[in-house]
Amino acid sequence: MPSSPISPDARRPAPQGSKISLPPLVGRDVPPVRRVPMALARRFFQICTTATAEALTGKDLTPLQYAVLAYLIGEPDIDQSGLAARLGIDRNTTSVLVDELEAKGLLTRRVNGADRRARLLRLTPRGQKLHTRVYPLTFAGQQELLSVLAPDERDILLDLLVRVIEGNRVLARPGTGRRKRGSRQSLSEEI
């Protein structure tokens with residue numbers, strides 16, 4: 001494994017509320033963009049989304065709509081806020097997705113008896129049937145992506161992704177990085 005320009009002490013988690021201080025990266029110590037987690041994750045996300053979209057061709061579902069079906073098949077009666085958190089999207093986008101799928105007759109929502117403001121979601125029989133029909137296609141598409149790896153490498157990749165995601169759960173905030181309305185400060189003003 002190549003040595004890292006960051007000392008082991010710099011990798012320790014910073015105390016809550018403090019900023020992590022890393023040594024400056026200069027010259028040859030700067031990793032190429034193709035070796036930066038954000039760039040790799042974005043490309044991996046694009047590839048996974050395309051594979052799912054191709055599997056859903058002709059099914060009148062987007063990959064995100066399919067994701068709603070997949071979560072609801074495993075967790076019926078989840079509320080919209082819980083669904084938004086699982087999908088990693090904001091509540092407004094979740095509401096639009098739920099409206100679209102309800103209009104297609106694929107899910108229903110009902111008032112939560114414990115919290116009248118919350119809506120519980122459940123697939124309709126039609127939604128369950130559609131999920132059952134498209135799941136093998138989407139699963140095969142995802143497995144095809146991993147076919148470039150040996151079977152044990154696939155498990156390792158997925159285990160490592162889960163560990164990174166779980167270890168950084170606090171950073172999973174939908175909408176992070178978007179500009180707030182009305183904020184147009186240029187980079188040159190910050191420098």
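Derivation of every value follows stated rules applied to the coordinates shown; laboratory data play no part. What you see is a predicted model, and the numbers here were worked out from it, not measured in a lab. Note that each Cβ is placed from the backbone with ideal geometry, even for glycine, and that neighbours are counted across all protein chains shown.
The modelled label-to-label distance between ASP29 and SER81, using points 7 Å beyond Cα along the C-beta direction, is 4.4 nm.
Less than 5 angstrom separates the built amide H of LEU107 from those of GLU102, THR124, all sequence-distant by 5 or more or on a different chain.
Using unit Cβ charges (K, R positive; D, E negative) and no other charged atoms, how large, in debye to the nearest 20, is the dipole of segment 51-122 about its Cα centre?
Numbers: 10 positive and 10 negative charges, 52 e Å.
Magnitude of the dipole: close to 260 debye.
If you look at the Cα atoms of segment 90-180, you get an Rg and a Dmax of 18.1, 50 Å.
How much length would be gained if the chain were fully extended between LEU158 and ARG91, taking 0.36 nm per residue of separation minus their Cα-Cα distance, in nm to one decimal?
Working: separation 67, 0.36 × 67 = 24.12 nm, distance 2.73 nm.
Going from the current span to full extension adds 21.4 nm.
Within segment 32-142, the percentage of alpha carbon pairs spaced more than 24 angstrom apart rounds to 30%. Short-range pairs are left out: with C-alpha atoms under 8 Å and at least six residues apart, the relative contact order of segment 35-150 is 30 percent. Whole-Hz Karplus values for segment 38-43 come out as 4, 5, 5, 5, 5, 5 Hz, taken residue by residue from phi with 6.51 cos²θ - 1.76 cosθ + 1.60 and θ = phi - 60°; glycine and proline positions read x.
Residues whose amide H lies under 5 Å from that of ILE78, counting only those 5 or more places away or on a different chain, are LEU121; hydrogens are built 1.01 Å from N in the peptide plane. For segment 49-103, the extents of the C-alpha atoms along the principal axes are 28, 20, 19 Å, listed from largest to smallest.
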